[in-house]
Amino acid sequence: MPDPSLPQLRRRLLAWYGRHHRQLPWRPTPQSQIPNSKSEIRTANPYHVLVSEAMLQQTQVATVIPYFDRFVEQFPTVHDLAAADEQQVLRLWQGLGYYRRARHLHAAARVIVDHHAGRVPDTLDELLALPGIGRYTGGAIASIAFGRRAPILDGNVARVLARLFAIDEPTDQPATRDRLWQLAEQVLPRKAVGDFNQAMMELGALVCTPRQPACLVCPLQTLCLAQLAGRQAELPRRSIRHAPKAVRHVIVAIERRGKYLFEQRPATGLWSNMWQMPTHESPDSDAPDSLLPWVRETYGLTCQSAGDQHEFTHQTTHRTIAFSLVRVQVAAGRLLPNRGVWRKLDALDDLPLSNPQRKAVTMLVGEKPTA
DNA sequence: AACTCGGGGGG
DNA sequence: CCCCCAGAGTT
């Protein structure tokens, strides 16, 4: 893009953002919309920006909003979050996915309270030192909450830039990422950087969409190399992705006197630190015919089959999981130490469960209203 | 540089 | 069914 066009790009984009931005719970009114903004600059609540950016990683705005509202209601300040149990934090994150984000955010809050006097750091370097905060999130907080001149590159910005500059190389490759980061830094103005960064993302979300971009109403139409060449629908390009792997998870609902066994998953891997009913995981080809011996060896409980078996599938980015739900009753034995807790199905409010485990609980309740 | 980590929106 | 989403951390 010719150098003289950069001021035009910035001016048009910020003007468009002033008219068309969405009102979001964590977003302050753009400075251009505020009279006398020079004497009275409204800034975002840095804690709210931190929470929202953690939730927004790989997650659409509309999905995040109700989670954000509940989260800041429960934890109004970074001190409240730091003082909370991880269990509570995961419970508020339940259903949002990528649960490691919740644990990182919780850990970051504790670092902020312990080492930053309870203030979200206002420099990029300090932000990058916090768990769960990478180049994008650090730049977003620095620019949006503190007006620091830090670039951002997310899926929206990458798409907008790839079209603006007609970048043909796949945008998910490291070399292309480097070039896009450079461009993101070059287009960034000196002032109103927070609004500008948000405007780039907002344009990608509302106008410069992945399919069928609304070029006719785009404020940058006459500056966009892809649009001028009629190639906007072909860009950006991405590398091919691997097909999800097929696996089978058998949930064993172990019942004893009206209560069911629940356990916490390990701190790493899928659904880390979330809770579940005992679940046997295997390749899809591996038929789970030795389920009761597995229960006896793992939990010390001798069980007998009870009730019908249910089936459902669960799709994640990297796996297609065929779930089976089997209900068994304890006939003999004693639960091995630290192997789980017994809970009634209507008393699970404090246990963070993954979506498929929640679905399994719902199916159990439907099958057996009350003993 | 490739993998892993969820779940939902929308074509 | 597919691709995509206000990415980060690990290997």
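Taken over segment A:303-323, the criterion of being within 16 Å of DNA strand B (Cβ to nearest atom) and not aromatic (F, W, Y) is satisfied by A:T313, A:H314, A:Q315, A:T316, A:T317, A:H318, A:R319, A:T320, A:I321, A:A322.
Do you know which of the residues in segment A:91-122 that are β-branched (V, I, T) and surrounded by 21 or more Cβ atoms within 10 Å (Cβ to Cβ) is nearest to A:S354 (Cα to Cα)? So the residue we want is A:I112.
Each residue in segment A:215-238 was checked for being open to solvent by 40 Å² or more (accessible area, probe 1.4 Å), free of Cβ contacts under 8 Å to residues at least 24 places away in the same chain and assigned to a loop (DSSP other than H, G, I, E, B), and 3 pass. Cβ-Cβ contacts under 6 Å between residues 6 or more apart (or on different chains), taken from a first residue in segment A:123-136 that is farther than 18 Å from A:G147 by Cβ and open to solvent by less than 70 Å² (accessible area, probe 1.4 Å) to a second residue that is part of a loop (DSSP other than H, G, I, E, B) and more than 16 Å from DNA strand B (Cβ to nearest atom), are absent. Scanning segment A:319-344 for residues that are more than 19 Å from A:S305 (Cα to Cα) and open to solvent by less than 40 Å² (accessible area, probe 1.4 Å) yields A:I321, A:A322, A:G340. Checking every residue in segment A:286-306 against the condition of being in contact with a helix residue (DSSP H, G or I) (Cβ under 6 Å, 6 or more places away or on another chain), open to solvent by 40 Å² or more (accessible area, probe 1.4 Å) and not in a loop (DSSP other than H, G, I, E, B) gives at least one match. For segment A:178-201, filtered to residues that are touching a helix residue (DSSP H, G or I) at 6+ places or on another chain (Cβ under 8 Å) and within 15 Å of DNA strand B (Cβ to nearest atom), the residue that is least open to solvent (accessible area, probe 1.4 Å) is A:L180.
Scan A:G307, A:G340 and give me the residue that is modelled with pLDDT of 95 or more, touching an Asp or Glu at 6+ places or on another chain (Cβ under 8 Å) and not polar (S, T, N, Q).
Working: A:G307 fails: modelled with pLDDT of 95 or more.
Step by step, each of A:G307, A:G340 is checked, and only A:G340 is modelled with pLDDT of 95 or more, touching an Asp or Glu at 6+ places or on another chain (Cβ under 8 Å) and not polar (S, T, N, Q).
Looking only at residues that are more than 6 Å from DNA strand C (Cβ to nearest atom) and not hydrophobic (A, V, I, L, M, F, W, C) in segment A:54-68, which one is least open to solvent (accessible area, probe 1.4 Å)?
Going residue by residue through segment A:54-68, those that are more than 6 Å from DNA strand C (Cβ to nearest atom) are A:54-55, A:62-68.
Adding the requirement that they be not hydrophobic (A, V, I, L, M, F, W, C) leaves A:63, A:66-67.
Details: A:T63: 68, A:P66: 57, A:Y67: 32 Å².
Applying the filter and picking the extreme gives A:Y67.
The residue of segment A:239-264 that is farthest from the chain's Cα centre (by Cα), among those that are farther than 19 Å from A:A322 by Cα and part of a loop (DSSP other than H, G, I, E, B), is A:R257. Pairing residues of segment A:336-349 that are farther than 15 Å from A:E263 by Cβ with residues that are at pLDDT 95 or above and of a type outside the set (S, T, Y), at Cβ distances under 7 Å and at least 6 apart in sequence or on separate chains, gives A:K344/A:G258; A:K344/A:K259; A:L345/A:V361; A:L345/A:L364.
Note on segment A:239-256: residues that are more than 10 Å from DNA strand B (Cβ to nearest atom), open to solvent by 60 Å² or more (accessible area, probe 1.4 Å) and in contact (Cβ under 8 Å) with a residue 60 or more places away in the chain amount to 1.
The helices (runs of 4 or more DSSP H) found wholly in segment A:93-160 and carrying at least 1 residues that are within 16 Å of DNA strand B (Cβ to nearest atom) and at pLDDT 95 or above occupy A:100-115, A:135-146.
The values are calculated or read from the model by the stated rules, or taken from the named source; none is laboratory data. Only a predicted model underlies this, so the values are computations on that prediction, with no experimental measurement involved. Here the Cβ is made from the backbone with ideal geometry for all residues, glycine too, and neighbour counts use every protein chain on show. Accessible surface is based on the protein model in full, side chains and every heavy atom, while ligands, DNA and RNA are left aside. Shrake-Rupley method; radii C 1.70, N 1.55, O 1.52, S 1.80 Å.
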